[in-house]
Amino acid sequence: MAGLRRMEYRGYDSAGIAIVAAGRLAVAKKAGKLANLEAELDDRHLPTSHQGIGHTRWATHGAPNDTNAHPHVSADGRVAVVHNGIIENYSQLRAELGEAGAEFMSETDTEVAAHLLARELAGNHDLLGAMRAVVGRLQGAFTLVAVDAEATDQVVAARRNSPLVVGVGDGENFVASDVLAFIEHTREVVELGQDQVVRISPSEITVVGFDGQPAEVQRYQVDWDTSAAEKGGFDWFMRKEIFEQPKAVADTLLGRYNDHGELVLDEMRGISQEDLRRVNKIVIVACGSAYYAGMVAKYAIEHWTRVPCEVEVASEFRYRDPIVDPQTLCVTISQSGETADTLMAIRHARIQGAKVIAICNTNGATIPRESDAVIYTHAGPEIGVASTKGFLTQLAACYLLGLYLAQVRGMKYSDEIRLITTELAGTPELIQRMLDDADRVYQLAHELADQNDFIFLGRHVGFPVALEGALKLKEIAYQHAEGFAAGELKHGPIAIIEPGMPVFVIVPPAGRDQLRDKVISNIQEVRARGARTIVLAEEGDAQVASYADELIWLPHVSTLLQPLLSSVPLQLFACELATVLGHDVDQPRNLAKSVTVE
Ligand code: M6R
């Protein structure tokens with residue numbers, strides 16, 4: 001239970017355990033926070049055991065309730081399994097198992113693994129052999145951990161594209177998604193490689209590949225203390241979440257398009273393709289960073305679909321008698337899925353007859369529940385109040401939605417869509433490159449720590465990025481920061497520029513030369529008035545370099561997708577500046593992670 005408590009940051013909508021005692025499984029699971037499971041265990045006295053598995057859940061398939069909580073147990077009661085990740089081909093497997101007579105208790109993708117394991121065990125495999133046979137049938141990303149009631153002193157786990165580490169103890173061994181689960185017992189760790197299976201007993205650790213070949217493993221010592229480990233070695237959840245963005249974006253894109261360049265958005269089922277073809281206007285409503293993601297979406301959606309698209313701050317929407325009717329598609333964006341302003345806006349839109357699509361990171365939250373369809377971002381729990389991976393995955397989901405609308409409405413051929421999805425698929429690697437350069441941005445934060453006013457400029461999709469950069473700085477560094485459309489500057493705001501004032505400018509990539517040239521002119525305008533220009537520009541853009549006091553290079557990506565990269569250094573800058581200034585980055589004053597009042 002102590003281990004589960006430290007894993008709760010990864011998911012906290014339900015929790016459960018399964019232990020093996022006297023050749024039987026004992027299982028307890030409960031919806032809600034871990035405290036609910038603890039209360040359940042206070043009432044129910046499970047037998048003593050030293051062999052078991054546990055899980056805290058961040059729901060992806062199936063609402064967060066007792067039944068969908070892990071572990072999932074096979075129909076014969078012999079095997080229990082917990083799972084992180086998504087089994088992408090679970091519906092085919094479920095149909096196949098159903099035809100063979102399996103009855104499913106939950107709505108999860110995980111339960112197929114329990115049934116498959118039981119089938120393999122009945123076919124005379126041991127647990128390790130059964131796990132190897134099962135993972136061969138699964139597609140997607142997963143960590144699976146299982147116990148077999150008939151296999152005393154054994155836990156078996158498998159890993160593909162999801163973390164799994166082994167804690168090497170003295171007469172005891174552990175597996176977990178993160179060392180912090182067992183850090184109080186051991187700091188000696190073996191990290192499993194891709195496509196490996198491990199069997200632990202109190203005295204042995206056996207690691208093989210999915211192909212059964214013995215795997216070479218290396219042990220290492222973790223030097224975190226327990227409190228740092230909770231943040232995965234980072235000083236702040238926010239910084240950790242910034243660094244999780246390559247994976248979060250990749251997970252959000254995973255399984256959403258096929259090799260033929262077709263978008264496959266299963267969760268759209270509440271809105272038919274016919275509904276989407278009838279739409280004559282799109283209205284995006286959201287708050288804060290999610291609103292800025294919506295501003296980026298407008299550029300992409302209008303460009304790809306030619307359907308007029310409005311973006312509105314949710315708190316303003318319903319109070320101005322907006323023109324919404326059954327041909328309007330309302331898109332709402334919310335990390336938490338519980339923001340009251342956004343919820344009220346979509347209720348209003350639905351009353352006017354609009355269909356609502358939610359882009360949300362929280363399975364089963366109110367906003368997706370009250371929407372006609374949902375596209376979940378798979379960022380995992382976002383704990384830092386300042387949205388980072390939440391924002392980037394919202395961008396990714398908005399691009400997917402824009403492409404899906406273009407596909408359904410016949411505005412793009414599949415090979416055109418495939419070009420864009422291929423580029424999107426490459427962005428996690430480019431985001432990682434931005435993160436690898438974090439030290440340069442940190443140095444800048446130290447140099448500018450004595451400044452109190454910051455300006456952010458951008459055009460086109462760079463404009464919402466400028467607003468987001470300024471918001472991050474206000475939220476956590478408590479500095480005066482303003483974002484402007486670069487072309488608006490000369491219509492007033494340029495009056496506030498003073499010598500030495502830091503001005504961040506986001507320059508569009510080459511290929512949109514007219515746009516880029518105009519931004520270059522804007523850089524010169526502020527520089528002429530003494531501003532210190534910090535320019536985010538495409539790698540190798542020599543012309544821009546000559547106008548910049550400081551340069552932050554961005555890898556090449558097409559204009560519409562550039563916010564996925566240009567946002568990252570601004571997040572790093574805000575996080576570092578707030579740290580230098582001694583603020584609590586994760587829990588900034590006056591703010592809450594989820595704003596549930598209007
Ligand atoms: O959970 P939501 O995405 O609906 O939250 C919306 C805003 O409250 C949120 O983005 C807020 O602006 C963040 N703290 C920004 O970092």
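The values are calculated or read from the model by the stated rules, or taken from the named source; none is laboratory data. Bear in mind the structure is a predicted one, so any value in this text is a computation, not a measurement. Every residue, glycine among them, receives a Cβ derived from its backbone with ideal geometry; neighbour counts consider all protein chains shown.
Here are the numbers:
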quantity: Subset of the range 433-450 (residues that are surrounded by 15 or more Cβ atoms within 10 Å (Cβ to Cβ) and not charged (D, E, K, R)); calculated: Met434, Leu435, Ala438, Val441, Tyr442, Leu444, Ala445, Leu448
quantity: Filter result (touching a helix residue (DSSP H, G or I) at 6+ places or on another chain (Cβ under 8 Å) and either part of a strand (DSSP E or B) or not assigned by TED's automatic domain parsing to the domain that holds Ala18 (or both)) within the range 73-82; calculated: Val73, Val79, Ala80, Val81
quantity: Residue under evaluation Glu172, criteria (1) in contact with a Ser or Thr (Cβ under 7 Å, 6 or more places away or on another chain); (2) more than 30 Å from Asp584 (Cα to Cα), criterion not met; calculated: (1)
quantity: Among residues of the range 47-72, those that are at pLDDT 90 or above, within 16 Å of Lys33 (Cβ to Cβ) and in a loop (DSSP other than H, G, I, E, B), counted; calculated: 5
quantity: Checklist (1) in contact (Cβ under 8 Å) with a residue 60 or more places away in the chain; (2) surrounded by 16 or more Cβ atoms within 10 Å (Cβ to Cβ); (3) more than 16 Å from the ligand (Cβ to nearest atom) applied to Arg277, failing item; calculated: (2)
quantity: Among residues of the range 509-540, those that are within 21 Å of Gln443 (Cβ to Cβ) and out of contact with any strand residue (DSSP E or B) (no Cβ under 6 Å at 6 or more places or on another chain), counted; calculated: 1
quantity: Verdict on Arg159 being in the same structural domain as Leu401 (by TED's automatic domain parsing), under 28 Å from Thr388 (Cβ atoms), of a type in the set (D, E, K, R) and touching a strand residue (DSSP E or B) at 6+ places or on another chain (Cβ under 7 Å); calculated: no
quantity: Selection status of Ser272, within 16 Å of the ligand (Cβ to nearest atom), under 27 Å from the mean Cα position of the chain (by Cα), of a type outside the set (Val, Ile, Thr) and farther than 25 Å from Ile87 by Cβ; calculated: no
quantity: Total residues in the range 340-356, condition in contact (Cβ under 8 Å) with a residue 60 or more places away in the chain and touching a helix residue (DSSP H, G or I) at 6+ places or on another chain (Cβ under 7 Å); calculated: 5
quantity: Residues located in the range 442-480, provided they are more than 23 Å from the chain's Cα centre (by Cα), in a helix (DSSP H, G or I), within 14 Å of Ile552 (Cβ to Cβ) and aliphatic (A, V, I, L, M); calculated: Leu444, Ala445
quantity: Residue match in the range 331-339 (condition: touching a residue at least 60 places away in the same chain (Cβ under 8 Å), crowded, with 20+ Cβ neighbours inside 10 Å and either of a type in the set (A, V, I, L, M) or more than 23 Å from Tyr376 (Cβ to Cβ) (or both)); calculated: yes
quantity: Residue count, the range 145-163 (criterion: under 24 Å from the mean Cα position of the chain (by Cα) and among the polar types (S, T, N, Q)); calculated: 2
quantity: Of the criteria (1) touching a helix residue (DSSP H, G or I) at 6+ places or on another chain (Cβ under 7 Å); (2) modelled with pLDDT of 95 or more; (3) within 16 Å of the ligand (Cβ to nearest atom), which one Pro246 fails; calculated: (3)
quantity: Only one of Leu564, Leu515 that is crowded, with 22+ Cβ neighbours inside 10 Å and out of contact with any Phe, Trp or Tyr (no Cβ under 8 Å at 6 or more places or on another chain); calculated: Leu564
quantity: Single residue of the range 292-316 satisfying the filter (within 16 Å of the ligand (Cβ to nearest atom) and surrounded by fewer than 24 Cβ atoms within 10 Å (Cβ to Cβ)) that is nearest to the chain's Cα centre (by Cα); calculated: Met295
quantity: For Leu564: the one exception among (1) more than 26 Å from the chain's Cα centre (by Cα); (2) outside any strand (DSSP E or B); (3) of a type outside the set (Ser, Thr, Tyr); calculated: (1)
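Each row is one residue, and each column tells you yes or no for (1) part of a helix (DSSP H, G or I); (2) more than 19 Å from Glu482 (Cα to Cα); (3) β-branched (Val, Ile, Thr); (4) not assigned by TED's automatic domain parsing to the domain that holds Ala300.
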site: Asn522; (1), (2), (3), (4): yes, no, no, yes
site: Arg527; (1), (2), (3), (4): yes, no, no, yes
site: Val535; (1), (2), (3), (4): no, no, yes, yes
site: Gly540; (1), (2), (3), (4): no, yes, no, yes
site: Gln543; (1), (2), (3), (4): yes, yes, no, yes
site: Tyr547; (1), (2), (3), (4): no, yes, no, yes
site: Ala574; (1), (2), (3), (4): yes, no, no, yes
site: Ala578; (1), (2), (3), (4): yes, no, no, yes
site: Gly582; (1), (2), (3), (4): no, yes, no, yes
